[in-house]
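The values are calculated or read from the model by the stated rules, or taken from the named source; none is laboratory data. Predicted, not measured: the structure shown is a model, and the values here were computed from it. Cβ placement follows ideal geometry from the backbone for every residue including glycine, while neighbour counts extend to all protein chains displayed.
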Amino acid sequence: MIKQLFISKRPFEPSPFRMLISYIILGLWAFFVIFILYWLVITAFKIQPDVDNGPRYLPFVDFQPRLDAWHYLLVEAGDKFVSRPFINTLVVGILSAVGSLLLGACASYALTRFEYKPKLGLIGLFALCVLLSAILIVVGLPWPAGVVIGLVVFFILAQTLGRRFTRSLGNNDIAFWLVSQRMLPPVAVIIPIYVMFQQLGLLNTQTGLIIAYTAAHLPLAVWFLRDYFHGIPLELEESAFIDGATRYQVLWRIILPLSMPGLVATFLIVLVFAWNEYTMALFLSGADTQTMPLLIAAQNATRGPQWWNISVLVTIMIAPIIVLAIILERYIAKGILVGAVKG
């Protein structure tokens with residue numbers, strides 16, 4: 001009997017003892033994760049003595065739930081104290097996630113289906129022209145004129161020097177460059193972004209935050225979706241082309257339905273990053289475009305660590321993401337696992 005606990009009945013099935021150990025580890029981890037959420041929620045219904053007088057875990061047993069923190073933040077502090085940052089977070093997070101998803105899906109599909117060979121020298125010239133346009137805008141030239149001058153200079157240099165460049169990049173190089181942008185910490189580039197947005201009049205606007213968030217999280221969408229599109233057989237598209245379908249018909253009727261789980265999973269992951277973004281929001285937003293992470297940080301800095309108030313704000317902030325993840329759970333599971341199987 002004891003030996004049977006350590007013997008697998010099937011080649012790819014773990015033994016009962018290993019299954020027991022696995023369930024224990026998973027159970028402990030699930031308890032740890034759920035307990036954090038439970039502690040957050042019950043703290044939102046406490047008052048200061050309940051928090052200061054030691055750990056109290058059971059409502060109506062260890063403490064009496066109160067709505068004081070909810071009433072203070074949602075009523076006494078003003079009707080826009082929480083609603084305005086929440087709406088800003090909702091609008092900026094969803095629109096930037098959709099933008100990153102659309103651009104990332106197009107880039108990922110193109111990198112898996114088409115072959116690109118851009119010349120390295122032309123890329124360097126374009127970067128220099130962009131730098132020239134930025135310098136002209138900073139010194140006081142109107143930004144439309146700076147952009148036009150940069151494009152004209154690039155066109156002239158490309159026509160005269162472009163033929164001398166021979167070294168080119170491939171799809172893998174382009175994909176690596178896109179993904180490598182995520183390796184750069186936002187604080188390293190936030191000052192140039194701030195100056196550029198100041199010149200363009202995009203500071204303290206939802207449009208500016210959407211553009212910045214979309215650019216920052218685009219590498220994540222490319223990273224996830226490129227592997228996913230690699231898993232879709234190319235023969236399906238070739239068969240559709242033979243039957244007379246156009247490229248857009250193939251995208252709409254074949255690629256889009258097959259990639260829906262990957263698109264949903266990528267959207268939710270990018271949305272979480274945009275929802276929790278702090279550094280860019282700190283520099284690029286103002287009183288009218290403040291987001292929930294900034295509100296929570298300000299609540300902690302100006303009034304001290306009042307955990308009951310902070311717990312209310314965090315609960316309001318994470319509730320939509322949790323509900324959305326529960327609704328889209330079956331798509332998320334498929335989207336994460338499909339790209340793991342190759343061949």
Can you name the residue in region 269-289 that is surrounded by fewer than 21 Cβ atoms within 10 Å (Cβ to Cβ) and not β-branched (Val, Ile, Thr) and is also nearest to the chain's Cα centre (by Cα) among such residues? Phe273
For Tyr248, indicate whether it is of a type outside the set (Asp, Glu) and either under 30 Å from Asp50 (Cα atoms) or at pLDDT 90 or above (or both). no
Yes or no: region 145-158 includes at least one residue that is outside the structural domain of Leu220 (by TED's automatic domain parsing), of a type outside the set (Val, Ile, Thr) and within 26 Å of Leu282 (Cβ to Cβ). no
Given Ala127, Ala134, Ala175, Ala110, which one is in the same structural domain as Phe267 (by TED's automatic domain parsing) and either of a type in the set (A, V, I, L, M, F, W, C) or not in a helix (DSSP H, G or I) (or both)? Ala110
Taking the criterion of being surrounded by 14 or more Cβ atoms within 10 Å (Cβ to Cβ) and over 24 Å from Leu111 (Cβ atoms), would at least one residue in region 163-182 satisfy it? no
Can you name the number of the only condition in (1) touching a helix residue (DSSP H, G or I) at 6+ places or on another chain (Cβ under 6 Å); (2) farther than 19 Å from Ser83 by Cβ; (3) of a type in the set (A, V, I, L, M, F, W, C) that Met317 fails? (2)
Restricting to region 27-78, and then to whatever is assigned to a helix (DSSP H, G or I) and among the small types (Gly, Ala, Ser), can you tell me which residue is nearest to Leu295 (Cα to Cα)? Ala69
Would you confirm whether any residue within region 303-325 is in a helix (DSSP H, G or I) and modelled with pLDDT under 80? yes
